[in-house]
Amino acid sequence: METEFIPIDYGSFDFDGKNYIEIFGKDTGGRRICVIDDFEPYLWAILKDKLSDKEVKKVLDYVNAISLHEKGRETKVEKSEIHNKKFLGKDVKAIKIYATNYKDLHSIADKLGIPGIEKRRGYDLGLITSYILGKKLYPFVSYKISGEVLSGSPEFGGIDSIIGTDFVIKLGKKEEVKKDGKFSPKVLAYDIETDSLKPENGEILMISLYGKGFRKVISWKGKSSKESYVEFVKDEKELLSRFAEEVKNFSPDFFVGYNSDNFDMPFIKSRAKILKLPLPMGVDLSEPQISRGVSGRAKITGITHIDIFRFIKTAYSQYMQSESLSLNEVSKEFLGESKKDFELKHSSKIKDWNRYFEYNLHDSFLTFSLFEKFWPDLLEFSKIIREPVFEISRNGLSKQIESYILHNLDNFNEIPEKRPNDSEIESRRRSATVEGAFVYEPKPGLYEDLAMFDFTSMHTSIIISHNISKETLTDSNKGSVASPEIKVGGKERVFYFSKKGGFFPEMLREIFEKRKKFKEEYKKDPSPITKARSNAFKVLSASAHGYIGFFGARYYSWEASSTILAFVRKYNIETIKKIEKAGYEVIYGDTDSVAFTMGKSSKKDIKGLLEKLNSELPGVMHMELEDFFKRGIWVTTRSGETGAKKKYAMIDEEGKIKIRGFETVRRDWCDIARKTQDHILKLILRDGNEEEALKFFLQVVERLKSREIKKEEIIIKSQIKKPIEEYKSVTPHVVAAIKMKERKMPFDLFTPIEYYIAESLTRSKLIRDKVKLKDEPGDYDVEYYLKNQIIPSAENIFQVFGINVKEVADGKKQENLKKWF
DNA sequence: GGATACCCTTTACC
DNA sequence: ACGGGTAAAGGGTATCC
């Protein structure tokens with residue numbers, strides 16, 4: 001049989017002691033196909049320098065004779081080849097050693113500790129990554145494939161009769177089809193509603209499913225309701241088996257949940273186990289697998305299970321406006337749509353089941369829509385990084401860039417570096433921390449007519465321009481770039497990086513160039529796909545420095561990371577000096593930016609200055625004009641002695657306000673303090689009118705004193721970030737969390753803790769003794785909100801104008817007030 | 001018993 | 001383990017006299 005085939009998901013199985021890969025995908029007719037391919041696992045033995053031919057022969061003879069009998073498997077070295085390769089940029093001779101079974105690569109590597117062999121590499125890549133690397137059968141690339149259709153065949157123990165795809169094909173030949181194959185995935189989203197957050201304490205009440213032309217809620221509750229999309233079953237057990245059947249019948253390419261790796265799928269699995277119900281959801285009738293780890297991963301063979309929450313979290317949360325990553329907030333931001341209004345209660349207290357069903361279905365609809373929204377991004381990431389979407393949707397940024405590197409090493413003839421082992425990770429973590437960026441101490445005040453410059457992709461452009469990486473680090477000061485001086489154990493040191501070679505900076509340059517190219521392409525032809533492509537390269541490019549300094553990275557380097565940061569400090573400080581030398585007053589700078597007052601200069605002058613500064617930068621380094629600003633305000637710290645860093649507000653010429661670090665943007669301050677400060681900043685920046693701002697502030701103080709502030713505006717929100725018992729200090733938010741637990745409220749790590757400080761009869765001075773939960777009745781403590789919320793939010797701003805709001809709010813110094821009214 | 005330095009904790013910036 | 005150093009700030013706690 002011959003057909004066109006697009007790989008989507010990858011799995012593996014063992015037969016007769018050998019590994020086989022099953023690739024699930026589709027042909028042009030939309031038929032689901034499972035392609036089975038064999039796999040030749042291998043590793044590298046890098047030979048010691050300058051071995052004689054005789055010595056090499058001796059090593060080869062030793063290697064070829066290796067055979068193992070382990071875990072009921074027999075494995076041996078199937079064949080070996082000598083190659084001229086590179087390792088960390090140096091020329092090496094290496095033996096490519098093929099083994100019978102991937103799982104034995106480690107054991108074979110253990111046997112290679114002999115004198116002629118310098119290093120062992122390539123045995124820790126992951127089975128699927130290793131397969132894709134070796135056979136170059138990439139996800140979402142179109143292939144013309146031919147092979148034998150297995151139908152009732154005894155091959156692989158009759159596997160085709162178990163696998164429920166339209167065809168099972170044993171791969172013969174494959175050939176890439178050069179075209180941008182259109183592929184629209186079949187998607188099914190799901191969501192469960194339960195009586196508890198823990199499967200041992202509560203049942204699943206309903207499960208909703210949403211796909212194109214398909215919507216369904218399966219439930220065993222509220223049977224009197226009549227909704228056409230609701231299917232009633234007799235109990236939870238039947239609910240689960242109907243759910244598994246419906247998913248199988250729909251046969252989605254992607255089965256999508258929101259936080260489903262850590263909630264829905266483990267919950268479903270646990271309940272099925274408690275009810276002793278098998279859940280053969282995989283195309284091979286296997287059960288969903290949940291891998292252990294800090295964050296579990298739920299996998300179903302042949303159906304790619306995606307937890308879209310995880311992808312949004314890693315790839316997008318840094319660019320998001322919303323204050324939490326809840327389905328509601330994320331949907332509002334990306335879809336412009338909210339969850340249905342419904343107050344979640346224990347099932348015994350539910351009256352309107354119809355609304356609950358509707359709510360549940362809508363959550364699946366939102367999850368479905370979020371997948372559609374991010375599908376171009378998942379697709380582009382997968383095509384660029386060359387890893388399956390299952391991985392792409394869950395991996396952190398460091399893992400993504402590492403995967404990109406691994407799949408591109410062949411272009412440099414490089415042997416992959418190994419993953420650090422536990423002791424290596426431990427020692428990296430113990431090693432001195434890398435000194436970070438420089439922050440300029442601002443001079444507090446209100447300033448007019450400012451300009452701000454910033455470096456584009458500063459860390460990345462430094463790596464490329466100075467050729468900094470693990471493999472370019474050298475002892476020689478000839479033909480190399482010296483780092484600025486770096487403090488190591490109290491002494492100043494300089495590191496050298498060779499000017500030539502270095503696959504990492506070179507690879508990064510390609511990413512950097514492609515980022516530019518695809519950004520242009522997007523501007524010319526804006527579409528979700530061009531946007532996603534441009535964004536994928538942006539994310540990869542921006543993650544490079546974080547990767548080098550990440551202790552789990554294969555290409556980690558303390559020296560490289562320190563050098564990059566030292567250059568970051570150097571260039572920022574130099575820029576500040578140059579701008580001052582040109583006659584401008586620098587107000588602020590953080591890492592890669594500098595803000596300064598324009599004085600009497602024109603915009604043209606400023607752009608001229610920028611051009612001059614750029615002409616003096618090396619390589620691909622570049623600065624751009626962030627914007628011109630009409631006004632900007634910087635304040636002192638609370639102690640009042642120095643200018644506060646990372647805290648400022650500016651207004652541009654269109655009246656758009658940029659607020660950084662102020663309480664306004666901090667989620668752990670109550671709304672009334674945040675809104676009051678926000679408005680004060682607006683009045684001051686827009687019109688430069690601090691009198692109006694003060695009037696407004698006093699109005700809020702009055703409203704507060706006469707208890708006119710609404711309850712929701714005084715709620716303080718905070719998160720619990722570790723198990724309650726581990727807290728050494730008992731803060732208000734910890735007390736609130738304990739209260740929630742006592743009341744058996746749904747509560748987990750990262751659930752927002754919402755409380756307020758109430759008037760109380762206790763004589764305690766501790767704030768935690770006045771904590772009440774959001775729904776507890778009570779009056780707010782006027783003094784607390786005045787002294788600890790409203791006044792602090794305004795104090796340092798008015799101080800810039802010589803106004804002491806503490807005294808004003810207390811009603812003291814009336815005579816001074818007359819000056820303002 | 002009160003002042004204060006210090007520690008713990010959360011969140012933001014880049 | 002999945003980015004991490006720099007920074008602000010509140011609130012509790014230890015320590016001093």
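The values are calculated or read from the model by the stated rules, or taken from the named source; none is laboratory data. The shown structure was predicted, so the numbers you read here are calculated from the model rather than taken from an experiment. Positions of Cβ are generated from backbone atoms using ideal geometry, with glycine treated the same way; all protein chains shown enter the neighbour counts. In case anyone asks, the SASA skips ligands and DNA or RNA and just uses the protein heavy atoms, side chains included. Shrake-Rupley method; radii C 1.70, N 1.55, O 1.52, S 1.80 Å.
Tabulated data for the structure shown
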item: Residue match in segment A:176-195 (condition: assigned to a strand (DSSP E or B) and open to solvent by 60 Å² or more (accessible area, probe 1.4 Å)); result: yes
item: Filter pass, A:Ser764 being assigned to a loop (DSSP other than H, G, I, E, B), more than 30 Å from A:Lys198 (Cα to Cα) and either in contact (Cβ under 8 Å) with a residue 24 or more places away in the chain or within 16 Å of DNA strand B (Cβ to nearest atom) (or both); result: yes
item: Candidate set from segment A:664-721 (those that are within 16 Å of DNA strand C (Cβ to nearest atom) and among the hydroxyl-bearing types (Ser, Thr, Tyr)); member that is nearest to A:Tyr648 (Cα to Cα); result: A:Thr664
item: Every residue from segment A:703-722 that is open to solvent by 20 Å² or more (accessible area, probe 1.4 Å) and away from DNA strand B (no atom under 16 Å from the Cβ); result: A:Arg703, A:Lys705, A:Ser706, A:Arg707, A:Glu708, A:Lys710, A:Lys711, A:Glu712, A:Glu713
item: Criterion (among the aromatic types (Phe, Trp, Tyr), part of a strand (DSSP E or B) and away from DNA strand B (no atom under 16 Å from the Cβ)) met by exactly one of A:Phe512, A:Phe497; result: A:Phe497
item: Only listed residue being among the acidic types (Asp, Glu) and more than 30 Å from A:Lys339 (Cβ to Cβ), chosen from A:Asp195, A:Asp191, A:Asp160; result: A:Asp160
item: Members of segment A:129-163 found to be open to solvent by 40 Å² or more (accessible area, probe 1.4 Å) and either under 19 Å from A:Gly30 (Cα atoms) or not in a loop (DSSP other than H, G, I, E, B) (or both), listed by number; result: A:Gly134, A:Lys135, A:Lys144, A:Glu148, A:Val149, A:Glu155, A:Gly157, A:Ser161
item: Selection within segment A:649-667 - outside any strand (DSSP E or B) and touching a helix residue (DSSP H, G or I) at 6+ places or on another chain (Cβ under 7 Å); result: A:Gly655, A:Phe662, A:Glu663, A:Thr664
item: Segment A:379-425, residues that are open to solvent by 30 Å² or more (accessible area, probe 1.4 Å) and either in contact with a Pro (Cβ under 9 Å, 6 or more places away or on another chain) or basic (Lys, Arg) (or both); result: A:Lys383, A:Arg386, A:Lys399, A:Lys418, A:Arg419
item: Boolean, A:His407 is within 16 Å of DNA strand B (Cβ to nearest atom), out of contact with any Phe, Trp or Tyr (no Cβ under 7 Å at 6 or more places or on another chain) and at negative phi; result: no
item: Segment A:646-661 - residue that is within 11 Å of DNA strand C (Cβ to nearest atom) and touching a residue at least 24 places away in the same chain (Cβ under 8 Å) and, of those, least open to solvent (accessible area, probe 1.4 Å); result: A:Tyr648
item: Whichever residue in segment A:48-69 is exposed (fewer than 12 other Cβ atoms within 10 Å of the Cβ) and touching a residue at least 12 places away in the same chain (Cβ under 8 Å) and, among such residues, is nearest to A:Asp104 (Cα to Cα); result: A:Ala65
item: Which numbered condition A:Leu397 misses (of (1) under 17 Å from A:Phe504 (Cβ atoms); (2) over 18 Å from the mean Cα position of the chain (by Cα)); result: (2)
item: Qualifying position, being out of contact with any Gly (no Cβ under 6 Å at 6 or more places or on another chain) and either open to solvent by 40 Å² or more (accessible area, probe 1.4 Å) or within 16 Å of DNA strand C (Cβ to nearest atom) (or both), among A:Gly501, A:Gly546; result: A:Gly546
item: Residue identified as open to solvent by 40 Å² or more (accessible area, probe 1.4 Å) and touching a strand residue (DSSP E or B) at 6+ places or on another chain (Cβ under 8 Å) among A:Arg743, A:Arg763, A:Arg768; result: A:Arg743
item: Long-range neighbours under 6 Å by Cβ, at least six apart or interchain, first residue more than 19 Å from A:Phe311 (Cα to Cα) within segment A:260-283, second of a type in the set (Asp, Glu) and open to solvent by 10 Å² or more (accessible area, probe 1.4 Å); result: A:Leu279/A:Glu287
item: Conditions (1) under 25 Å from the mean Cα position of the chain (by Cα); (2) on the phi > 0 side of the Ramachandran plot: number failed by A:Thr460; result: (2)
item: Condition broken by A:Phe453, with the remaining ones in (1) open to solvent by less than 50 Å² (accessible area, probe 1.4 Å); (2) closer than 28 Å to A:Lys538 by Cβ; (3) within 16 Å of DNA strand B (Cβ to nearest atom); (4) not in a strand (DSSP E or B) satisfied; result: (4)
item: Residues (more than 13 Å from DNA strand B (Cβ to nearest atom), under 15 Å from A:Glu626 (Cβ atoms) and not aliphatic (A, V, I, L, M)) located in segment A:636-659; result: A:Asp652, A:Glu653, A:Glu654, A:Lys656
item: Enumeration of residues in segment A:435-450 that are touching a strand residue (DSSP E or B) at 6+ places or on another chain (Cβ under 9 Å) and in a loop (DSSP other than H, G, I, E, B); result: A:Glu435, A:Ala437, A:Phe438, A:Glu441, A:Pro442, A:Lys443, A:Pro444
item: Residue identified as surrounded by 15 or more Cβ atoms within 10 Å (Cβ to Cβ) and either more than 14 Å from DNA strand B (Cβ to nearest atom) or over 32 Å from the mean Cα position of the chain (by Cα) (or both) among A:Lys600, A:Lys578; result: A:Lys578
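Conditions tested, residue by residue: (1) in a strand (DSSP E or B); (2) touching a helix residue (DSSP H, G or I) at 6+ places or on another chain (Cβ under 6 Å); (3) within 30 Å of A:Lys182 (Cα to Cα).
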residue	(1), (2), (3)
A:Ile6	yes, no, yes
A:Tyr20	yes, no, yes
A:Gly25	yes, no, yes
A:Leu60	no, no, no
A:His69	yes, no, no
A:Glu74	yes, no, no
A:Lys85	yes, no, no
A:His106	no, no, no
